[in-house]
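Report on one structure; see the data block that follows.
The values are calculated or read from the model by the stated rules, or taken from the named source; none is laboratory data. A quick note: this is a predicted structure, and the numbers were derived from the prediction, not measured. So basically every Cβ, Gly included, is an ideal-geometry build from the backbone, and we count neighbours across all protein chains shown.
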Amino acid sequence: MTPPGQQDAGRSFSRRGGPRRDSQGRTRNRGQSGGPRQYSASVPRERRRTADPARLTAYEVLRAVSQDDAYANLVLPQRIAHHHLDQRDAGFATELTYGALRGQGLYDAILAECVDRPLGQLDAPVLDALRLGAHQLLGMRVKAHAALDSTVALVRDQIGAGPSGLVNAVLRKVAAQDRDEWLDRLTPDPTSESAQSIRHSHPQWIVRALRQSLVTHGRPAQEITDLLEADNAAPVLNLVALPGLGDLDPVLAHGAEAGPLAPGSALFRGGDAGRIPGVREGTVRVQDVGSQLTARALAAAPLDQRDGSEPERWLDLCAGPGGKAALLAALAAERGAHLLANEVAAHRSRLVEQALTAVPQQSWSLRTGDGRTIGEDRRGPSGDFHRILVDAPCTGLGALRRRPESRWRRQPSDLAPLTDLQRELLDSAVGVLAPGGVLAYVACSPHPAETVVQVQDLLRRHPQLELLDAPDAMISVAPGLERSTVAGPEHPGTAQLWPHLHATDAMFLALFRARPSGAAAIDPDQES
């Protein structure tokens, strides 16, 4: 009998008997579901043992997201630069990263069928690697053998040789069926809410909330499939040239195309934004078109009883990370107005300051503090603002296509504290709104509790406010919009954008104007 660990004719033996490797050195795996043990497809000298830079980049981003609660859109550019990826590899890493994050719900459901233990018992790095492998197999044009070999090599390089056997065996089971076959197996009734959750990789509570949101804003409930599919489509990069500062012509010459909705906007499908003229200087910014339109609509809304004897004072109450603040500041500079950008968190306040550096310094100032205490800085009438933007913290259900990890982090229990904060920030803004001034309430969410309910409650608490026609204000800066797509019959004064209709985030906008003293109040139910 050959002692354990002793070689016999160059072959090793397991404790249960029989060779671990065949004559060519292929390793024998444990088999699945009681089936016979099989040898690996490649001999040791043929196996890759190091991770390629593009897949390593994607893996590092997924680890940062799951381990550190990082945001992929912030980590990914740093890792791309660290690994010196060229444009092609950067594009591959981007698709692999975001595709694995968007499809996490579906891929986890498939992996659960292929692993002999609950997914929660797998080491988190192994699970992240499996998700990357599953997306390559089922969601990308990567050949099965390349997806398997590269993922196993990644695991061997980053985690260890032991887990690589498990990853190899599991991904082979994943590859045994294509995406449609897996969907048919997992969701025999594709119309159910649970099936839509799996098929479109959204938590079930979000599917329910988005369907309710469509109906609340006057859209057919049947559009839920289109909306979920739009959330899973890779968004085109949206750009804006800051008014009076940025030049769109070099951007268009670089391969971008003019945006169909917002003035001074462009769409770019060429990958790295850092290569676009003006982006490094800050005069051209990456910003969703929906965000651009809400800022421009606020700037375009008419004030009441404004004689123009003094410059307008504008306020961005929740300015971080600075995208809307930069656009507002540029618009303010063109009009001789001044913007105060307020942000509560010091690190986000620094981001706001960085975003504003391209705008002339005399047109803006920065405050780091709680927006709910903005009234404490008032010094008589000069402390009132003529235009105020409240882009309040929200669930972010309108930006799931750009921030796919958010769908796995948010919980229904997040809604109540967020709506409380939104209400407090709105009340604070009303307290510093000048007579005849305009307040814009913006939420990157279509959820009724964060949109129309907040509008109705604000009007009841503050009868001096009147609701302006937000769809008209938005169409005035985006003539290509159709009113029927942004204004619902139940709430015609508010505007709601949609990913599946406008290729924007699902941005909500309501505009309020403070009536001059003595003006009659209007029933808020009639206003909304």
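Conditions tested, residue by residue: (1) among the small types (Gly, Ala, Ser); (2) farther than 18 Å from Ala58 by Cβ.
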residue: His82; (1), (2): no, no
residue: Arg88; (1), (2): no, no
residue: Ala109; (1), (2): yes, yes
residue: Val115; (1), (2): no, yes
residue: Thr151; (1), (2): no, no
residue: Gly165; (1), (2): yes, yes
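Every residue in segment 467-512 that is under 23 Å from the mean Cα position of the chain (by Cα) and of a type in the set (Asp, Glu), please.
Asp505
As an exercise: evaluate Ser164 against (1) buried (at least 21 other Cβ atoms within 10 Å of the Cβ); (2) in contact (Cβ under 8 Å) with a residue 24 or more places away in the chain; (3) polar (S, T, N, Q) and give the number of the one condition it does not meet.
Against the list (1) buried (at least 21 other Cβ atoms within 10 Å of the Cβ); (2) in contact (Cβ under 8 Å) with a residue 24 or more places away in the chain; (3) polar (S, T, N, Q), Ser164 comes up short only on (2).
Restricting the search to segment 168-204, which residues are of a type in the set (A, V, I, L, M, F, W, C) and out of contact with any Lys or Arg (no Cβ under 9 Å at 6 or more places or on another chain)?
Of everything in segment 168-204, those that are of a type in the set (A, V, I, L, M, F, W, C) and out of contact with any Lys or Arg (no Cβ under 9 Å at 6 or more places or on another chain) turn out to be Val170, Leu171, Val174, Ala175, Ala176, Trp182, Ala195, Ile198.
What's the number of the condition Tyr59 fails, among (1) within 19 Å of Val167 (Cα to Cα); (2) aromatic (Phe, Trp, Tyr); (3) at pLDDT below 50?
Checking Tyr59 against (1) within 19 Å of Val167 (Cα to Cα); (2) aromatic (Phe, Trp, Tyr); (3) at pLDDT below 50, the one that fails is (3).
Checking Gly218 against (1) assigned to a loop (DSSP other than H, G, I, E, B); (2) buried (at least 20 other Cβ atoms within 10 Å of the Cβ), only one condition comes out false. Which one?
(2)
Can you list the strands (runs of 3 or more DSSP E) lying wholly within segment 371-480 that have 1 or more residues being among the β-branched types (Val, Ile, Thr) and crowded, with 20+ Cβ neighbours inside 10 Å?
385-391, 433-443
For Arg280, state whether it is of a type in the set (Lys, Arg), in contact (Cβ under 8 Å) with a residue 12 or more places away in the chain and either closer than 16 Å to Ala329 by Cβ or not assigned by TED's automatic domain parsing to the domain that holds Leu339 (or both).
no
Name the pairs whose Cβ atoms lie under 6 Å apart, with the first residue in segment 124-138 and farther than 16 Å from Thr94 by Cα, the second assigned to a helix (DSSP H, G or I) and of a type outside the set (A, V, I, L, M), and 6 or more positions between them or separate chains?
Once the first residue is farther than 16 Å from Thr94 by Cα and sits in segment 124-138, its partners that are assigned to a helix (DSSP H, G or I) and of a type outside the set (A, V, I, L, M) give Ala124/Ser66; Val126/Pro163; Leu138/Arg179.
Out of (1) crowded, with 19+ Cβ neighbours inside 10 Å; (2) assigned by TED's automatic domain parsing to the domain that holds Leu467; (3) farther than 12 Å from Leu327 by Cα, the odd one out for Asp304 is which?
So the condition that Asp304 fails would be (1).
Do we find that Ser201 is outside any loop (DSSP other than H, G, I, E, B), polar (S, T, N, Q) and either assigned by TED's automatic domain parsing to the domain that holds Gln104 or crowded, with 17+ Cβ neighbours inside 10 Å (or both) in this structure?
Considered against the rule, which asks whether it is outside any loop (DSSP other than H, G, I, E, B), polar (S, T, N, Q) and either assigned by TED's automatic domain parsing to the domain that holds Gln104 or crowded, with 17+ Cβ neighbours inside 10 Å (or both), Ser201 comes out as no.
Are any residues in segment 154-164 small (Gly, Ala, Ser) and in a helix (DSSP H, G or I), and if so, which ones?
Ala161, Gly162, Ser164, listed by residue number.
Kindly indicate whether Asp157 is in the same structural domain as Tyr59 (by TED's automatic domain parsing) and touching a Pro at 6+ places or on another chain (Cβ under 8 Å).
Criteria not met by Asp157.
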